[in-house]
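The values are calculated or read from the model by the stated rules, or taken from the named source; none is laboratory data. All values reported here derive from a predicted model rather than from experimental measurement. Here the Cβ positions follow ideal geometry from the backbone for every residue, glycine too, while neighbour counts run over all protein chains shown. Ligands, DNA and RNA are stripped out before the accessible areas are found, and what is left, the full protein with its side chains, is counted by its heavy atoms. Shrake-Rupley method; radii C 1.70, N 1.55, O 1.52, S 1.80 Å.
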Amino acid sequence: MNLMKVLPLAAAVTLAPTLGLAQEAAPDTTPYILTTLLFLMGGFLVFWMAAGFAMLEAGLVRSKNVAMQLTKNIALFSIASIMYWLIGFNLMYPGDGWAISGWLGPFFSATSLEPVGLAAEDAALDYASVGSDFFFQLMFVAATASIVSGTLAERIKLWPFLIFVVVLTGILYPISGSWQWGGGWLSEKGFSDFAGSTIVHSVGGWAALAGALILGPRIGKYNKDGKTVPMPGSNLALATLGTFILWLGWFGFNGGSQLAMGTVGDVTDVSRIFANTNMAAASGAVAALLLTQVLYKKPDLTMTLNGALAGLVSITAEPLAPTLFGSLWIGAVGGVIVVFAVPFLDKMKIDDVVGAIPVHLFAGIWGTIAVVFYGDASFGTQLMGIIAYGVFTFVASLVLWLILKAAVGIRVDAEAEINGLDMAELGMEAYPDFSKG
Amino acid sequence: MNLMKVLPLAAAVTLAPTLGLAQEAAPDTTPYILTTLLFLMGGFLVFWMAAGFAMLEAGLVRSKNVAMQLTKNIALFSIASIMYWLIGFNLMYPGDGWAISGWLGPFFSATSLEPVGLAAEDAALDYASVGSDFFFQLMFVAATASIVSGTLAERIKLWPFLIFVVVLTGILYPISGSWQWGGGWLSEKGFSDFAGSTIVHSVGGWAALAGALILGPRIGKYNKDGKTVPMPGSNLALATLGTFILWLGWFGFNGGSQLAMGTVGDVTDVSRIFANTNMAAASGAVAALLLTQVLYKKPDLTMTLNGALAGLVSITAEPLAPTLFGSLWIGAVGGVIVVFAVPFLDKMKIDDVVGAIPVHLFAGIWGTIAVVFYGDASFGTQLMGIIAYGVFTFVASLVLWLILKAAVGIRVDAEAEINGLDMAELGMEAYPDFSKG
Amino acid sequence: MNLMKVLPLAAAVTLAPTLGLAQEAAPDTTPYILTTLLFLMGGFLVFWMAAGFAMLEAGLVRSKNVAMQLTKNIALFSIASIMYWLIGFNLMYPGDGWAISGWLGPFFSATSLEPVGLAAEDAALDYASVGSDFFFQLMFVAATASIVSGTLAERIKLWPFLIFVVVLTGILYPISGSWQWGGGWLSEKGFSDFAGSTIVHSVGGWAALAGALILGPRIGKYNKDGKTVPMPGSNLALATLGTFILWLGWFGFNGGSQLAMGTVGDVTDVSRIFANTNMAAASGAVAALLLTQVLYKKPDLTMTLNGALAGLVSITAEPLAPTLFGSLWIGAVGGVIVVFAVPFLDKMKIDDVVGAIPVHLFAGIWGTIAVVFYGDASFGTQLMGIIAYGVFTFVASLVLWLILKAAVGIRVDAEAEINGLDMAELGMEAYPDFSKG
């Protein structure tokens, strides 16, 4: 496991220069270690969001489509992990000379990690391990893909969806991500999106919207009278679990996006981000709960869950600068948006199975605008960023969905859809022992 | 996200003073950072307990009440987050001059966080970020409220319950918490409750007991012959998941309560707490498993789960001082208490749906007494603390439940209870696709 | 795992210069704190794997056996916690003079923790808290036992299974573990198994295989024509959740096995391990997904989940040295192994309910061999280690299962098996409200 322990002499040799340096005011390696640790912790928390999306979506689809939804979720995460390594990371951060192996060319080169047993003098001591940064960033692209799978559930074919994921996670997200986080033109313009209300969540939402438009609604969702037919999720306990998982993971999502934990200022900022993130989720949930009670005379659990998520998305563009009160109202507006946006989409006959477009796209836009109230960004710049990401992702996704539709078809046939994708596409059921009501 | 990558010059500038200070033997900021990190990690682990309570309770209620139980859980956590910010934290820690914004008056002032980018010279370098502390403490109050929701499940109305949560998390818990953790009279008397067997768990249990007495048992729970009718939980997989989540979260609950991780002594103590906490949970589970086998000739899964939780509650008042053997027997006694207390409550016709009173109140009292065997506290002082928290919380809760009963009613009507709260109060089902047996 | 424990003198020698230097500039306690933190974080993540196994297995058994499977999982973890404290830890790391209370004799002495408030001068400053190490190691033995419970599900009696767990976690695993991680003969031979592809996963797999052979297949699993009858799992959402939990926990399993986080080199290595671990899981999942599509024309969710797990097991013997591309193909081979091994076992009429033998034994062997490609180990040495662990564990387990079979019987009677273990052995159901299909 750790061979250096087996070789005390070698260890001593390694130690000696370290300690020698220490006497002569050695470079302080603690900030490097702590920031790397932030990425690792943030990374595993954001990884956990993959489980959250899987549970949320499995809980909000009907039981005949649960196994397929689970398959899509574990497959998309796995594909994102591979594509972001193969192309994405280097495409998104082209400016840094870090760790590019180059065997696929200047941009399309698979990411390499630092060598084993990196010496302190070879490390970017003002920063952190590249490997930890890669691990953290990788989890973000997977979140983007998860958003798409929720909207398009219950009718999209597995393989065309996964091909879309390949392009989204390997190329689309990294290109647009580089505009801001890769030090590109939007960051030079002063656009501000701390942890990705636009760069991650809206991008997922735009890709989902494009897909929903091409794919069309589920059979029977909008009846001849123009009425929306409720198709309730099969397992609200799973959906709630998924929401709690996402909430937990979001501390890593926003907190890790501080990108540093080696100083008093940084770790205190991370604390501020944790507290703000929690507040926005809480106020989003309460806002949706109260509003559904007022509007429909009954509180709505699914709306409350989505309200919490919308609060989280809303605070993601700027989780640091607001006060707790700021986070409260920013999150609450997110919750309100969801309650109005879900029926609005239904009115537009855009069938979004889990409410991902209200949560990730609409609240993502709101959160990006809300930066204006607490951050340094101007409304115009924020709007420019929102539009840039929207146009690029929506158009590129639309084209890609149309190509996929023409080439292989993206929708299961009506019989498969009515019988459920689980039996039709997978030949298995998620809950085979239980009779369907 | 990654501005440092974008601005290498700025980064260099930031680094310069750091290194400069280091040369002149700068104050060591590492303990501050590490203790703050303990609060953040502890906090997200205790946050996770909210999901644990939600899953445990959703698994132990009947399927017709699952969606309501989930709604209560996400709502109570959200309300606790807001109330503890608005009033609770400052009420509980009045002595510290930290971070009080004051716009609601001396006590009733919403909590503020430290400014963004706090300088080392402005930080409480002997401690940790206030924001991280607030984040951590906030999660504890939410746990208290979760305890109440379990006991009162399947018959209490949503909104009166949530009003109770507002008062419990904003006022009752903070007032009594301040007696000990706010440096109040009980701490001066020498009362000892490391992580809250009494301050968190018993308080939740007393509030639950008061509610159960006012609310009365579920229809049909105790039949005319005085027999208890079993009403088994609908999903033991969820209940088990909830127990594992709580067990995991408890490492943060007890370990984070060390309140420091910046020295060898502190981090070693945290390790000791982790190992002891795990041992008490394990022995509580084994004790309940063996005892139910002996008593009933069949082991009981629900009792085993509650045995693990009782072990955890039992060790919470003193998870540091005992040996591993000490933790084993303290936890095992907790498991035994649960096995006897559940039927005892039924004999008293106190209907506690998930067994929260045995687990949190009875094992909480036991754990507080057990401090005497390993800690410095005297039996008399511990008893005084137990009684003080009991009288205050029970009486205040009783009054509040009576007011709520008189003002708005706290119990759903019989028809709603028989049909299930999900359809009656929410108009939705947790598992709509499955036929009920 | 921790060879320095075996060599206290060497450690002291190594320490001397360190402390010498340290006197003239206070000893740097930060590495001790950070490594202890790694153990605590790694430990709670591996703890979480207990929940993952429980959910995976509960999801893959039929609904009539779910409560029993949950009972086994929480009981085995609890028993492992107690046995590893009582005997296992000291048996596995006999050389270290640390913290042995001795009240049961030289080997069979329960583990003690360091005193409360350990002073820096009394700490092993070149290492970490013993308590944190114990906590971390404890979680590994529990994983071994979890593997067994999956294979033998749906027909083994509870108590004989738990007696097996007592011996496995208290004696068998610690003895064979000491050969390598306790500084025993295999580590001297140069065997290499970083985090336990063989020492943890194969050992669990061999014990499971021995049990499956003695126990025989479930009634009806292999019909008269020699055909395998599918017995699909009752809840694929839970199985997927379990897989995600295990994936998350594996970051602690492999990352924590770096056993140090106090230097730039160590934390960078941990980052490398995290990234490699994730890649192997992803490629294992994708390989199984693609291969089942090709072989059966339909992708298989259960195989994909097991493919991810097999990828994880495969990278566990050497998660540090490979490149990301290396991790990709090592993990993918693991995924392929599972797809072929599951029907192979069925052909051999070895009934492994959840596929634990393909995942943990076969992929564990593969992973141990794969070390040859990136690590320093020779093929011969790796094979020797694989055989040594296999022979010892398989034979010892076989004997133990035979003794248990002769003494108390290990299989429920046919009626209980057909009706389900939940009602027969526990008298409760996991999902009592739902009609069975």
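Annotations
- Cα-only radius of gyration and Dmax that characterise the stretch A:286-437, units Å: 19.3, 57
- Alpha-carbon centroid distance for the pair the stretch C:381-437 / the stretch A:406-437, whole angstrom: 35 Å
- Pairwise Lys count, chain A - Cα closer than 17 Å, eight or more residues apart or different chains: 12
- Candidates C:Lys347, C:Lys157, C:Lys72: whichever shows maximal mean-square fluctuation once chain C is modelled as a Gaussian network with Cα springs under 10 Å: C:Lys347
- Calculated label separations, B:Val294, copies of the chain, 7 Å along the beta-carbon direction, nm: 5.9, 5.9
- Centre-to-centre separation between the Cα atoms of the stretch B:315-329 and those of the stretch A:312-362: 45 Å.
- Residue of B:Glu121, B:Glu57, B:Glu188 that the Gaussian network model of chain B assigns the largest fluctuation, springs spanning Cα pairs under 10 Å: B:Glu121
- Per-selection Kirkwood Rh - the stretch A:333-396 (Cα, Å, 1 d.p.): 12.7 Å
- Alpha-carbon Debye profile of the stretch B:24-72, log10 I(q)/I(0) at 0.15, 0.18, 0.22, 0.26 Å⁻¹: -0.56, -0.65, -0.77, -0.88
- When chain B is reduced to its Cα atoms, the Kirkwood hydrodynamic radius in Å: 22.5 Å
- According to the Kirkwood relation over distinct C-alpha pairs, the hydrodynamic radius of the stretch A:309-348 is 10.6 Å.
- Between the stretch B:31-58 and the stretch B:112-174, the alpha-carbon centres lie 12 Å apart.
- Degrees between helix A:363-374 axis and first principal axis of chain A (Cα, 0 to 90, nearest 10): 50 degrees
- Value of D in µm² per second that Stokes-Einstein yields for the stretch A:113-262, Kirkwood Rh from Cα pairs, at 4 °C (1.567 mPa s): 71 µm²/s
- For chain C, the longest principal axis of the alpha carbon atoms and the long axis of helix C:30-60 meet at an angle near 0°.
- Counting every C-alpha pair in the stretch C:253-371, the share spaced more than 26 angstrom apart comes to 21%.
- Helix B:236-256 vs. chain B, principal-axis angle (Cα, 0 to 90°, nearest 10): 30 degrees
- Just so you know, the Rg over Rh for the protein assembly as shown is 0.93, from Cα atoms, with Rh as the Kirkwood radius.
- Projected label distance in nm at B:Met231 and C:Ser378, using a 7 Å step from Cα toward the beta-carbon: 7.0 nm
- Dividing the mean sequence gap of close Cα pairs (under 8 Å, 6+ apart) by how many residues chain C holds gives a relative contact order of 23 percent.
- Binned Cα-Cα distances of the stretch C:355-434, short to long, each 10 Å bin given as a whole percent: 15, 25, 25, 19, 14, 3
- 7 Å along Cα→Cβ, label-point gaps from B:Phe344 to other copies, nm, shortest first: 5.7, 5.7
- Nm distances between copies for B:Gly427, ranked from closest, using label points 7 Å along Cα→Cβ: 4.4, 4.4
- Around the Cα centre of the protein assembly as shown, unit charges on the Cβ atoms of Lys, Arg, Asp and Glu (plus for the first two, minus for the last two) sum to a dipole of about 4440 debye.
- Spin-label model, B:Leu213/A:Ala414: points 7 Å from Cα along the beta carbon direction are separated by 6.5 nm.
- Nonpolar atom fraction for the stretch C:379-423, defined as the carbon and sulfur part of the 1.4 Å probe accessible area, stands at 76 percent.
- When the accessible areas of A alone and C alone are added and the area of the pair subtracted, with a 1.4 Å probe, the result is around 6200 Å², both sides summed.
- Signed unit charges on C-beta, dipole axis of the stretch B:163-278, positive-most listed residue B:Ser234, B:Val267, B:Gly177: B:Ser234
- Over the C-alpha trace of the stretch C:210-308, radius of gyration and Dmax come out as 18.7, 62 angstrom.
- Extreme residue, positive dipole direction of the protein assembly as shown, given options C:Trp159, B:Asn419, A:Ala143 (C-beta unit charges): B:Asn419
- Build a GNM of chain B with springs between Cα atoms under 10 Å apart, and of B:Gly284, B:Gly190, B:Gly182 the one that fluctuates most is B:Gly190.
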